[in-house]
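Participant: Please read through the structure below; I'll follow up with questions.
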Amino acid sequence: MAAGDDHGEEVRNKQVLARDYIHGNPKEEDMYLSTGTIRLKVPEGSNAVLVKNLYLSCDPYMRGSKAEVIDRLFNSFAPHSPIAGYGVAKVMDSGHPEFKKGDLVWGVTKWEEYSLITMTESLFKIQHTDVPLSYYTGLLGMPGMTAYAGFYELCSPKKGEYVFISSAFGAVGQLVGQFAKLMGCYVVGSAGSQEKVDLLKNKFGFDEAFNYKEEDDLDAALKRCFPEGIDIYFENVGGKTLDAVLLNMRLRSRIVVAGMISQYNLDQTEGIRNLLTILYKRVRMEGFTVYDYYHLYPKFLDVVLPYIREKKIVYVEDEAKGLESGPAALVGIFSGRNVGKQVVLVAPE
């Protein structure tokens, strides 16, 4: 980097770029490291924000989409462009009235050392720094808001209800489970390894958990865990799991759909055979996207920050160090290699 305090200086900018549009889960060879340059000054008359990226988030939605797919907020993989995703950053220069130099922010950024962010509606100023900044990639960021909105706003939970969460060890699932326990619910989760099952029960306080890979009959596994049936199902997986859950829903139960990770890469999605349950049991099933609920972010912080400070919520992170470790970290979440929320440390603050 050139010496001096002139913020208009041109500096080297290490980046993780996509080779091409991809379909399905990314592989390491779909990304490559490059070094460009960037001026540490927002262009005259622009309301963009120039940031130094500190942490980057690895999330399941960061898969490929075909070039023609336009119904997503942003495409993580565009040919020879930096990977896009959520992150935590420090403002270096700003043409936007709500952000000033030195502010810490979280929101949609790019996988590079410095980013010029023009989509400023996706940025949130970080007001509370008595918790680790990396939490704003997960617990206090998009996954936390997903868990909060899906559980409190859509599930209408009541004390004593029976709650099942698929992919319960993910960044969203582990929080939904803890919110449900704090409400006095009975909580069961499914995960993909014995280590994760043990952590759900012993660290996150779930009442029960099972390894779906070791269950020959998911319906039987659910009946074992829920002899009286399920009131709330927080859906992250879809497919065979959803089909089995439908057989175990109680009268006037609720299913909220945050994701269906088992279906994303199938050319032909799996059919669901047990939908009649929705009719017989008056089940309410609703899909949602977190973007519809960001207006509740201040309310969310009012609920969650005290839980963190009082150590009522347990949160586990898996930190990869250095931008160059990003591709392997991102690829790893699709095979369940991470234990906890996967983040990439780009630079210390």
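Participant: When you check Q174 against the structure, is it polar (S, T, N, Q) and open to solvent by 10 Å² or more (accessible area, probe 1.4 Å), yes or no?
Facilitator: no
Participant: May I pose another question? Residues that are modelled with pLDDT under 95, surrounded by fewer than 20 Cβ atoms within 10 Å (Cβ to Cβ) and touching a strand residue (DSSP E or B) at 6+ places or on another chain (Cβ under 7 Å): find the strands (runs of 3 or more DSSP E) completely inside region 16-98 holding 1 or more of those. I'd like the intermediate steps shown before the answer.
Facilitator: On the way: elements: 31-39, 49-57, 84-94.
By residue number, 31-39.
Participant: Given the structure, is E228 open to solvent by 80 Å² or more (accessible area, probe 1.4 Å) and either of a type in the set (A, V, I, L, M, F, W, C) or not in a loop (DSSP other than H, G, I, E, B) (or both)?
Facilitator: no
Participant: Checking F77 against (1) farther than 15 Å from Y61 by Cβ; (2) within 23 Å of the chain's Cα centre (by Cα); (3) hydrophobic (A, V, I, L, M, F, W, C): exactly one of these is not met. Which one?
Facilitator: Going through (1) farther than 15 Å from Y61 by Cβ; (2) within 23 Å of the chain's Cα centre (by Cα); (3) hydrophobic (A, V, I, L, M, F, W, C) one by one, F77 breaks only (1).
Participant: Only one of these is free of Cβ contacts under 8 Å to residues at least 60 places away in the same chain, of a type in the set (A, V, I, L, M, F, W, C) and not in a loop (DSSP other than H, G, I, E, B): I308, I272, I278. Name it.
Facilitator: I278
Participant: So, in region 246-259, exactly how many residues are closer than 16 Å to L154 by Cβ and not in a strand (DSSP E or B)?
Facilitator: The qualifying residues number 2.
Participant: Could you list all residues from region 152-169 that are surrounded by 18 or more Cβ atoms within 10 Å (Cβ to Cβ) and either charged (D, E, K, R) or closer than 24 Å to K223 by Cβ (or both)?
Facilitator: If the condition is that a residue be surrounded by 18 or more Cβ atoms within 10 Å (Cβ to Cβ) and either charged (D, E, K, R) or closer than 24 Å to K223 by Cβ (or both), then C155, P157, E161, Y162, V163, F164, I165, S166, S167, A168, F169 are the ones that fit.
Participant: Residues in region 292-318 that are within 19 Å of the chain's Cα centre (by Cα), open to solvent by less than 90 Å² (accessible area, probe 1.4 Å) and not β-branched (V, I, T): how many?
Facilitator: Selection size over region 292-318: 11.
Participant: Being touching a strand residue (DSSP E or B) at 6+ places or on another chain (Cβ under 9 Å), of a type in the set (G, A, S) and open to solvent by less than 10 Å² (accessible area, probe 1.4 Å) is the filter here; which residues of region 231-258 pass it?
Facilitator: Matches in region 231-258: G238, S253.
Participant: Any idea which of (1) touching a strand residue (DSSP E or B) at 6+ places or on another chain (Cβ under 6 Å); (2) open to solvent by less than 60 Å² (accessible area, probe 1.4 Å); (3) closer than 21 Å to V316 by Cα is the one K201 doesn't satisfy?
Facilitator: (2)
Participant: Filter region 99-112 for residues that are open to solvent by less than 10 Å² (accessible area, probe 1.4 Å) and in a loop (DSSP other than H, G, I, E, B) and give the result.
Facilitator: Result: W111, single match.
The values are calculated or read from the model by the stated rules, or taken from the named source; none is laboratory data. Predicted, not measured: the structure shown is a model, and the values here were computed from it. So basically every Cβ, Gly included, is an ideal-geometry build from the backbone, and we count neighbours across all protein chains shown. All accessible areas refer to the heavy atoms of the entire protein, side chains included, with ligands and DNA or RNA removed. Shrake-Rupley method; radii C 1.70, N 1.55, O 1.52, S 1.80 Å.
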